[in-house]
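Let me begin by presenting the structure, written as structure tokens, before commenting on it.
The values are calculated or read from the model by the stated rules, or taken from the named source; none is laboratory data. What you are looking at is a predicted structure, and each value in this text was computed from that prediction instead of being measured. Cβ placement follows ideal geometry from the backbone for every residue including glycine, while neighbour counts extend to all protein chains displayed. Side chains included, ligands, DNA and RNA excluded: accessible areas come from the protein's heavy atoms. Shrake-Rupley method; radii C 1.70, N 1.55, O 1.52, S 1.80 Å.
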Amino acid sequence: MLSLTIVVLVTAAAGFIVWANDRRHTRYGMILPAGVAVAVGALSWIIFMAAGFGYMPGLTWIPWILPMALGAAAALGAVIYLGRSREHHDLQRLTRALKL
């Protein structure tokens, strides 16, 4: 259970760091990348522990390290996708409003 707590804290921090370093972070909420990172990290931790990787000698690092990396990657992917799509939709709405 301690490993899950550490995974959640580290992935949340990674999500906030990803949000802070994105130049389009005004397009979406501050909690979104952290929430995506925590969800992916916690879900992957549960899957890895259910698969028994936490109890195999030599493979105990998988439920500790891999969920953190997956969570950070998911936050980065969400930010890249949502930042671009939100910017595009906002630009279309602004163009429509200015044409009126």
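Which distance in Å, rounded to a whole number, links the C-alpha centroids of the range 15-38 and the range 43-60? Computed from Cα coordinates, the inter-centre distance equals 28 Å. When Rg/Rh (Cα atoms, Kirkwood Rh) is computed from the coordinates, the matching label among [x] 1.19; [y] 1.33; [z] 1.23 is [x]. Annotation: per residue accessible area for the chain equals 64 Å², rounded to a whole number [probe 1.4 Å, protein chains only]. The angle between the Cα long axis of helix 62-99 and the longest principal axis of the Cα atoms of the chain comes to about 10 degrees, rounded to the nearest 10. A Cβ-based charge dipole, computed about the Cα centre of the chain with Lys and Arg at +1 and Asp and Glu at -1, lands at about 560 debye. Of the residues LEU76, PRO57, ALA37, the one whose Cα sits farthest towards the positive end of the charge dipole of the chain is LEU76 (charges of +1 on Lys and Arg Cβ, -1 on Asp and Glu Cβ, taken about the Cα centre).
Karplus-based coupling profile of the range 50-61, in residue order and whole Hz: 5, 6, x, 5, x, 10, 8, x, x, 10, 5, 6, with θ = phi - 60° in 6.51 cos²θ - 1.76 cosθ + 1.60 and x standing for Gly or Pro. For the chain, the mean residue ellipticity at 222 nm estimated from helices alone is -28000 deg cm²/dmol, where every DSSP H run of n ≥ 4 contributes -39500 (n - 2.57) and the total is divided by all residues, rounded to the nearest 500.
Comparing mean-square fluctuations of LEU43, LEU59, LEU82 from a GNM of the chain with C-alpha springs under 10 Å, the top value falls on LEU59.
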